[in-house]
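First the structure, in the form of structure tokens, and then the observations on it.
The values are calculated or read from the model by the stated rules, or taken from the named source; none is laboratory data. Everything numeric here is computed off the predicted structure, so don't read it as measured data. Here the Cβ is made from the backbone with ideal geometry for all residues, glycine too, and neighbour counts use every protein chain on show. In case anyone asks, the SASA skips ligands and DNA or RNA and just uses the protein heavy atoms, side chains included. Shrake-Rupley method; radii C 1.70, N 1.55, O 1.52, S 1.80 Å.
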Amino acid sequence: MNHLLRGSPTLALAGAIASARLTGETVYSLSTPTFPDRAGAIPADIRFGTTLTAGSGLAALRDLARTGLFEKWNLPEHECVIVGGAKSSIFCIMRTMLPAGGRVLVVSPHWPSYEDLIRLAHLQPVFHETRAADGFEIDRLRLRESLQKSGAGAVICSNPGNPTGRVLGKREVDTLCRESADAGAILLLDESFSNIVFDVPKWHDSVCSAEGHVFVVSSFSKNYHLQGLRLGACLVHRDRTAPVIAAHETLLSAAPTPSQNIALRIINAHEAIPEDYSEQRRLMLDFAAARGWPHVATEGGFYLFPHVENTESFRRKLEVRRVLSLPGETFGRGYRDHLRVCFGKPVSEIRALLGILGEVAGGPPGSPHGH
């Protein structure tokens, strides 16, 4: 099935931006973040460690993940496992919990890597498209119908949404939990932006009961801007932990020991506190509203997914001005007329980017359509 795999479109865009900047060119990304390099926060006396940890990761880092990434969850029967990036945990869960050839229902719009991870696990992705007109909300009856028609053995969904920026409501999480259980499917909630939340009460309500079929994944990469360390964490019911760890050990033996030690020191020293993107969010939402781009206001993460008229033409004009972006269909076939707009950047970069966007959009601003 290797011929079905593709390189990550988000990594490809980030790589193109980085390469252009190395030559001194001024180029911006509309769709991917600009993170600070935390290398200066690594203490000079740190002992990186070159021996393997247990397959489940360092105990201290597991404890930190429990409180720092999964603190809203009350899942006493679930164990916390440290993995070599959120991608590896998604792969290991899917590969061990479903038979080869099984189907995974992907709630869309979605992070494009879901499709490739599912195919790499010798599974088939099928898609449950949520509608922009409905604010990308998950409807119980439509989800039940998708599960029945697909026969999927798993459901995967991001919360906060990537690319929508929505935080799932309590009712939606309950819907996902109940409908997946009734269909005999596992539920994988990807919370890679769990520490970047603007609607905090809604976020803390977006949990479900301690069900064994529920898996929760999070990431040190996005939440602490430690992408290069390749660390993630997941909550797995103790009855299902052994095969997931065995799969991860087969791939990596364990998450890299130096990365685990570095993350512990940086986070415990409060050097990796997530950025406060409130100002960047305000600027981007104001721009989208002024231009009349229908959108859902970001509640978590640092993405906005507005509908933009004549999207392809707009993207081409931006590229001439050296602003690169990802097409909407990267996140699902039904979202051709959308753009993933990322405000995970310094305010100065956001202002420069919005200046170019305003010039390219041209004409008088439209009336606000945000909802």
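Note on K72: lysines with a C-alpha under 30 Å away, same-chain residues under 8 apart excluded, are K87, K170, K202, K222, K345. The H on the amide N of R291, modeled in the peptide plane, is under 5 Å from the matching H of G366, each at least 5 residues off or on a different chain. Only protein atoms count toward the accessible area here, which uses a 1.4 Å probe; on segment 49-101, the carbon and sulfur part of that area reaches 53 percent.
Put a dot 7 Å past the Cα of A41, heading toward its Cβ, do the same for L354, and the two dots end up 2.6 nm apart.
Per residue, the chain exposes an accessible area of 42 Å² to a 1.4 Å probe, with every protein chain left in place. Computed extension length for D174-L264: 29.1 nm, one decimal, from 0.36 nm per residue of separation with the Cα-Cα distance subtracted. Of the chymotrypsin sites (Phe, Trp or Tyr not before Pro) found in segment 21-74, those in coil by DSSP whose Cβ has at most 15 other Cβ atoms within 10 Å are F48. Let me test this: with uniform point scatterers at the alpha carbons of segment 172-274, what is the Debye-based log₁₀ I(q)/I(0) at q = 0.16 1/Å? Evaluating at q = 0.16 Å⁻¹ gives log10 I(q)/I(0) of -0.86. In plain terms, if you count all Cα to Cα distances in the chain and split them into 10 Å steps from zero, the share in each step is 5, 24, 33, 26, 11, 1, 0 percent. Sorted largest first, the spans of the alpha carbon positions of segment 230-301 along the three principal axes are 52, 31, 20 Å. Here the Debye sum runs over all C-alpha atoms of segment 228-371 as equal scatterers in vacuum, and log10 of I(q)/I(0) at q = 0.11, 0.12, 0.14 Å⁻¹ comes out as -0.62, -0.70, -0.83. What aspartates and glutamates could a cross-link reach from K317, if we take a straight Cα to Cα line under 17 Å and drop same-chain neighbours fewer than 8 places away? The qualifying aspartates and glutamates are E309, D337, E359.
Our estimate of slack between E309 and R322, defined as 0.36 nm per intervening residue step minus the Cα-Cα distance, is 2.7 nm.
Dividing the mean sequence gap of close Cα pairs (under 8 Å, 6+ apart) by how many residues the chain holds gives a relative contact order of 24 percent.
Rounded to the nearest 20 debye, the dipole magnitude of segment 118-262 is 180 debye, with +1 charges on Lys and Arg beta carbons, -1 on Asp and Glu beta carbons, and the Cα centre as origin. What the phi angles of segment 280-294 give under the Karplus curve with 6.51, -1.76 and 1.60, with θ = phi - 60°, is a coupling list of 4, 4, 4, 4, 6, 5, 4, 5, 4, 5, 5, 7, x, 7, x Hz, glycine and proline written as x. Computed over Cα pairs, the Kirkwood radius of segment 100-191 leads via Stokes-Einstein (1.567 mPa s, 4 °C) to a diffusion coefficient of 100 µm² per second.
The eigenvalues of the Cα gyration tensor, multiplied by 5 and square-rooted, give segment 1-113 an equivalent ellipsoid with semi-axes of 29, 26, 15 Å from largest to smallest. Out of residues 5 or more away from Y28 or on other chains, whose amide H comes under 5 Å of its own, with H placed 1.01 Å from N in the peptide plane? The list, which skips near neighbours in sequence, is V323, L324.
Remark: the chain carries a charge dipole of roughly 580 debye about the Cα centre, counting +1 on each Lys and Arg Cβ and -1 on each Asp and Glu Cβ. Estimated from helical segments only, the mean residue ellipticity of the chain at 222 nm is -11500 deg cm²/dmol, where each DSSP H run of four or more residues counts as -39500 (n - 2.57). Could you state the number of Å between the C-alpha centres of segment 10-45 and segment 187-217? Result: 29 Å between the Cα centres.
The charge dipole of segment 221-329, taken about its Cα centre with unit charges on the Cβ of Lys, Arg, Asp and Glu (plus for the first two, minus for the last two), comes to roughly 220 debye.
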